[in-house]
Amino acid sequence: EHLEIKGKSPGQKQIFTDQEIQTLWDNKEKEGVDSILLLIYTGMRIGELVSLIKFHINLKDEYIRHGSKTQAGQDRIIPLHPKILPFIEKRMGLKSEFLFPFPGETKKMTVDYYRKYIYYRTLKELKLPRLTPHCCRHTYSSLLNKSVSNKEYIMRLMGHTDYSLTANVYTHSDIEELKKAVQSIE
């Protein structure tokens with residue numbers, strides 16, 4: 001009762017507003033913006049983004065099989081929203097096996113480099129609030145929550161599931177349903 005905590009309350013999530021997302025879209029040709037939109041429309045963590053290799057991307061069926069951190073999140077299916085497909089297609093032409101290598105190189109970019117020299121620099125240049133990269137993940141979850149009624153799909157897309165191991169092996173129809181769920185985001 002004698003403790004006063006300033007700032008936001010624990011568990012309070014910050015997300016990008018529709019207007020801030022639109023600012024990103026309005027500047028989609030600017031360096032760094034594609035990666036932020038990719039984070040917002042896939043729910044990937046920045047460690048997953050910088051470690052993403054082209055081999056994990058299925059352009060034909062429009063999904064990524066990737067993920068880390070939690071057991072449920074490993075090798076999860078991440079459907080690709082049609083709006084972000086052009087960014088991925090463009091980056092598939094890079095010489096590196098990584099979708100986001102160090103600029104001008106082929107080796108894997110570090111999380112710290114991405115955070116400091118791409119993510120925060122891009123937000124600053126666009127005069128957007130300094131939300132953390134993890135706020136992109138919260139934004140993705142919120143977008144899904146607004147447009148997807150099946151909560152199991154949301155849990156699977158976020159990699160926050162605890163159901164049986166066999167449920168983690170998706171059939172093609174499951175992938176199609178997950179893609180439809182992501183495509184319902186406006």
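The values are calculated or read from the model by the stated rules, or taken from the named source; none is laboratory data. In this text the structure is predicted, and so the values were computed from the model without any measurement. For neighbour counting, all protein chains shown are included, and Cβ atoms are generated from backbone atoms with ideal geometry for every residue, glycine included. SASA here: full protein model, heavy atoms, side chains in, ligands and nucleic acids out. Shrake-Rupley method; radii C 1.70, N 1.55, O 1.52, S 1.80 Å.
Annotation note: Cβ proximity below 7 Å between a residue of the stretch 103-116 that is over 11 Å from Leu49 (Cα atoms) and a residue that is open to solvent by 90 Å² or more (accessible area, probe 1.4 Å) and not small (Gly, Ala, Ser) (sequence gap 6+ or interchain) occurs for Thr106/Lys95.
Restricting the stretch 87-112 to residues that are out of contact with any Pro (no Cβ under 8 Å at 6 or more places or on another chain) and open to solvent by 70 Å² or more (accessible area, probe 1.4 Å) leaves a set whose member that is modelled with the lowest pLDDT is Gly104. Does Lys69 satisfy the criteria of being at pLDDT 95 or above, surrounded by fewer than 16 Cβ atoms within 10 Å (Cβ to Cβ) and assigned to a loop (DSSP other than H, G, I, E, B)? No, not satisfied. A Cβ distance below 9 Å, combined with a sequence gap of six or more or placement on separate chains, defines the contacts here; from the stretch 91-102, residues that are farther than 16 Å from Glu31 by Cα reach residues that are open to solvent by 20 Å² or more (accessible area, probe 1.4 Å) and among the hydroxyl-bearing types (Ser, Thr, Tyr) in the pairs Lys95/Thr106; Ser96/Thr106; Glu97/Thr106; Phe98/Ser51; Phe98/Thr106.
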